[in-house]
1. Can you find, within segment 204-254, the residue that is surrounded by the most Cβ atoms within 10 Å (Cβ to Cβ) among those that are of a type in the set (S, T, N, Q) and not in a loop (DSSP other than H, G, I, E, B)?
2. Just checking, does segment 125-135 include any residue being in a helix (DSSP H, G or I) and surrounded by fewer than 18 Cβ atoms within 10 Å (Cβ to Cβ)?
3. Could you list all residues from segment 179-197 that are hydrophobic (A, V, I, L, M, F, W, C) and within 14 Å of Val105 (Cβ to Cβ)?
4. Among residues belonging to segment 164-182 that are crowded, with 18+ Cβ neighbours inside 10 Å and within 16 Å of the chain's Cα centre (by Cα), point out the one that is farthest from Arg123 (Cα to Cα).
5. Taking segment 131-152 on its own, how many of its residues are within 21 Å of Gly58 (Cβ to Cβ) and touching a Gly at 6+ places or on another chain (Cβ under 6 Å)?
6. Do the conditions hold for Glu126, that is, is it more than 19 Å from Gly58 (Cβ to Cβ) and modelled with pLDDT of 90 or more?
7. Does Gly233 satisfy the criteria of being on the phi > 0 side of the Ramachandran plot and without any contact (Cβ under 8 Å) to a residue 24 or more places away in the chain?
8. Evaluate the following for Pro156: is it in the same structural domain as Thr31 (by TED's automatic domain parsing) and closer than 19 Å to Ala87 by Cβ?
Amino acid sequence: MDREEPQLKHTVADGVATVVISHPAKRNAMTAAMWRALPALLERLAADPAVRALVVTGAGDTFCAGADISSLRDGVSDPDFDPQALAVAAEEALAAFPRPTLAAVRGFCVGGGSQLAAACDLRFAEEGASFGVTPAKLGIVYAASSTRRLVALIGPAAAKHLLFSGELIGTERALRTGLVDEVLPAGELDKRVESYVRILASRSQLTQAAAKEFAAGREDRDAYWAEQARRSGDTAEGVAAFLERRAPRFTWTT
């Protein structure tokens with residue numbers, strides 16, 4: 001049997017795009033080519049009006065064990081090659097995705113894997129998953145933007161614990177610190193993610209898009225979103241649907 005090539009797979013169904021990190025030979029570690037491919041893939045999915053939510057997960061029983069160090073080493077002879085810049089560009093593209101994003105995590109979520117998970121809006125994990133931010137094991141200075149995102153997510157003390165030590169933590173501690181939002185028993189992660197993103201896909205994209213910007217500190221966009229709300233008709237539709245006891249038909253799209 002031929003060994004599967006490392007790749008990013010994706011599907012779109014029922015309003016939900018799913019991106020699967022697939023590199024089974026190395027616990028879904030991200031190669032340089034995969035880091036480069038992710039921003040363009042996200043751009044295409046963001047341009048698809050059928051996509052109302054995004055799930056990022058890993059093939060098999062692992063989310064992502066970080067960067068494929070061997071593939072990154074292959075580029076060191078190129079003076080313009082910057083592996084950390086590749087990872088940060090992918091992380092920023094994921095954080096900027098205009099619709100709700102959710103990381104579905106099982107197994108290892110380490111290094112660059114944790115970087116991608118932290119860039120998602122939400123993280124659901126299966127019991128037994130392990131999380132780690134490991135630049136201290138390689139002598140890497142973690143990017144300022146990635147550090148700020150981690151601190152904003154779990155607080156400075158918890159972020160320092162992960163960054164200083166490079167130790168792995170389990171789902172109990174990850175849930176307690178806010179690194180994950182839900183922990184599911186073995187075998188129930190996919191079902192829960194499917195039901196939850198179906199809910200996200202049915203909700204107002206106007207509300208979700210505004211909430212993403214405000215949560216990112218874009219208070220300067222308050223007037224813009226107020227105007228979008230007035231023009232969209234989503235508020236009137238939401239109220240009417242509530243009074244009529246039916247599902248709303250929201251029309252505003254990003």
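The values are calculated or read from the model by the stated rules, or taken from the named source; none is laboratory data. None of these values were measured; they are calculated from a predicted model. Note that we place each Cβ from the backbone using ideal geometry, even for glycine, and neighbour counts take in every protein chain shown.
1. The residue in question is Gln205.
2. no
3. Hits for segment 179-197 are Leu179, Val180, Val183, Leu184, Ala186, Leu189, Val193.
4. Top of the filtered list is Ala174.
5. Total meeting the criteria: 2.
6. No: the conditions fail for Glu126.
7. Spelling it out, Gly233 is indeed on the phi > 0 side of the Ramachandran plot and without any contact (Cβ under 8 Å) to a residue 24 or more places away in the chain.
8. Spelling it out, it is not the case that Pro156 is in the same structural domain as Thr31 (by TED's automatic domain parsing) and closer than 19 Å to Ala87 by Cβ.
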